[in-house]
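Any read-out appearing in this document is the output of simple, stated calculations on the displayed coordinates, not a laboratory observation. Quantities reported herein were computed from a predicted structural model and do not represent experimental measurements. Here the Cβ is made from the backbone with ideal geometry for all residues, glycine too, and neighbour counts use every protein chain on show.
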């Protein structure tokens, strides 16, 4: 009973900001207030009719898709090497590959800006894709490594013994068996890229507005409930895509 | 053409500064099933994996049907391996598991289908074609693993402790089945196990391995009756090992003085003064009333009853202790603890082992 109370309180504490945002997106006032006054769908209509928001959503989607594709391929290959390989400095390299998770985003953003200025990628779309891939690859490595750890290496040996080439073994045996990890890694990469603000702020060129940048700048200049509405839309997408995935791969009760 | 199907010549594998396999030389005749038997860590699995192509030998050669395959990649060796964990493809049905190797060979689809169906029928899984491995029992998974390699008609079958994950009863049943299938298809086979009963019942010959070396290779009866080394005598069945030195020797016969006392006649060759041990199997010692001509005398110290059999520890008047087994026949009363008994040791059942 007491345990349930604690769980409920912690849950409320964690969820309260989200609930506040959702509530304010329905307020009839011209600025976000909590508790909301009245009820209206107006702000959702405004978001979906706004060329700026729609362009930002498209841009973020393209950026997330491109960087996810790169992160998924690189992360899967890196995980294979790190889990399967036997070489010197394995632990150090593994830590290095996962380090973008732990670096402060602002440090990474600054470092990438300086480096991209040098190589001429700053303010370009490929530059942003590359930066986002750096941020998201570690998540793919983690997910795929977890899948690989549960995998009986004898299965790959069996494939080779039956005459399969390395390519055939990978595509017909290894990949199907680690697919849950690869899919989870890709979805996480997509969500993290879509959500990313700090590094994007450093690297975005003129006219390149991701959705988080758009929300951020909207808040700077005006304070309309449409910002809450777009946030609510993001939460909705997360509920539809992220929660099933979370239950499948990250639920603490399964580990 | 050679008379041997598989030849291992001076195989060696070194990991860092430890020698996992050392100078393994062994030849398998056509259609022969040979068991590599030894305790864990003796190098038997490493040897098998070198033959399969999963471990690169540090030295030595492997010949399959006369062809040197030492450096041929695993997927071009034409060997069929059955793994301890079965290693079935969990995302494929029984049929697709069995067809996998045929598909790798890019055979026509109708041939793939026909041979797959035949192989599944051969192992008696005809009604399980569309099942996934997780829907099968351990024994059935084992059969799928067998069908998956038999369907390819490989030159050599390799078994890596394939029965150790099955329960005792099924294990005995699968032994006979593997033996029958292997003889039916006539494919030479190398079978790794740590279980001597399994090795004896499944194999034509046994190679006993210890610390990376083959200590002895021979038929199960040879290994049991004429162990070549102390390790083999100790590892296979139970043995009385009596330490001592050789006295006189000649003509394959010798006399032996036990450290604990007493002189014994034995089979074997050794120079005078060589240290070693006498090996005597407990069931080859006859126990009789005291005073029988040619018998030694001793006192029963411990008795233990097993099914239909009594086991005694007899301390000989000369000094050494012997474990002795006696079948309990009708009308024979078990010997009492502390009783004086006679013990007959035949020279031909008493073997000298150096070391």
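Overview of values
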quantity	calculated
Least to most buried among A:102, B:191, B:83 (fewest other Cβ within 10 Å first)	A:102, B:83, B:191
With 10 Å bins from 0: P(r) over segment A:40-102, alpha-carbon pairs, percent	17, 29, 20, 16, 12, 5, 0
Sequence of B:279, B:288 once ranked by neighbouring C-beta atoms within 10 Å, starting from the fewest	B:288, B:279
Label-point separation in nm, residue B:65 to residue A:52, each point 7 Å along Cα→Cβ	7.6 nm
Efficiency of FRET from Cβ geometry, residue B:40 and residue B:170, R₀ 22 Å, rounded to 0.05	0.50
Most mobile listed residue (A:88, A:179, A:42) in chain A, GNM with C-alpha springs under 10 Å	A:88
Separation of the residue B:241 and residue B:30 label points, Cα + 7 Å toward Cβ, nm	4.1 nm
Degrees, to the nearest 10: B:109-122 long Cα axis against longest axis of chain B	30 degrees
Shielding by partners, peptide A:162-171 (average Cβ within 10 angstrom, other chains)	5
D (Stokes-Einstein, µm²/s), Kirkwood Cα radius, segment A:164-247, 1.306 mPa s at 10 °C	101 µm²/s
Per-residue mean of C-beta atoms belonging to partner chains within 10 Å, peptide A:150-160	6
Helix-only CD estimate at 222 nm, as mean residue ellipticity for the protein assembly as shown, using -39500 (n - 2.57) per DSSP H run (n ≥ 4)	-14000 deg cm²/dmol
Of every Cα-Cα pair in segment A:52-221, the percent that sits beyond 22 Å	50 percent
FRET efficiency, 1/(1 + (r/R0)^6) with R0 41 Å, evaluated for residue A:102 and residue A:3 via beta carbons	0.80
Kirkwood estimate for the protein assembly as shown, i.e. one over the average of 1/r between Cα atoms, Å	30.7 Å
Highest-first arrangement of B:344-353, B:266-275, B:141-150, B:225-234, where packing means the average Cβ count within 10 Å	B:141-150, B:225-234, B:344-353, B:266-275
Which of B:194, B:330 has the fewest Cβ neighbours within 10 Å, and the rest in rising order	B:330, B:194
Shielding by partners, peptide A:176-187 (average Cβ within 10 angstrom, other chains)	1
Among B:301, B:105, B:96, residue whose mean-square fluctuation peaks in a GNM of chain B (springs only between Cα atoms under 10 Å)	B:105
Tilt relative to chain A, helix A:125-149 - C-alpha long axis, 0 to 90 degrees, to 10	60 degrees
Cα pair distances of chain B binned at 20 Å [whole percent]	26, 45, 25, 5
In nm, spacing of pseudo-spin labels at residue B:111 and residue B:219 (7 Å Cα→C-beta vector)	4.0 nm
Antiparallel DSSP beta bridges within the protein assembly as shown, as percent of all bridges there, nearest 5	75 percent
Share antiparallel - DSSP beta bridges, chain B, percent rounded to 5	75 percent
Fluctuation leader among A:47, A:187, A:18 - chain A, Gaussian network, Cα springs under 10 angstrom	A:18
q = 0.11, 0.13, 0.15 Å⁻¹: log10 I(q)/I(0) that the Debye formula gives for segment B:239-318, counting C-alpha atoms only	-0.35, -0.48, -0.62
Crossing angle, helix B:94-104 versus chain B [Cα axis fit, 0-90 degrees, rounded to tens]	70 degrees
Separation between Cα centres of segment A:147-161 and segment A:11-81, rounded to whole Å	40 Å
Segment B:276-347 and segment B:1-23: distance between their alpha carbon centers, rounded to Å	43 Å
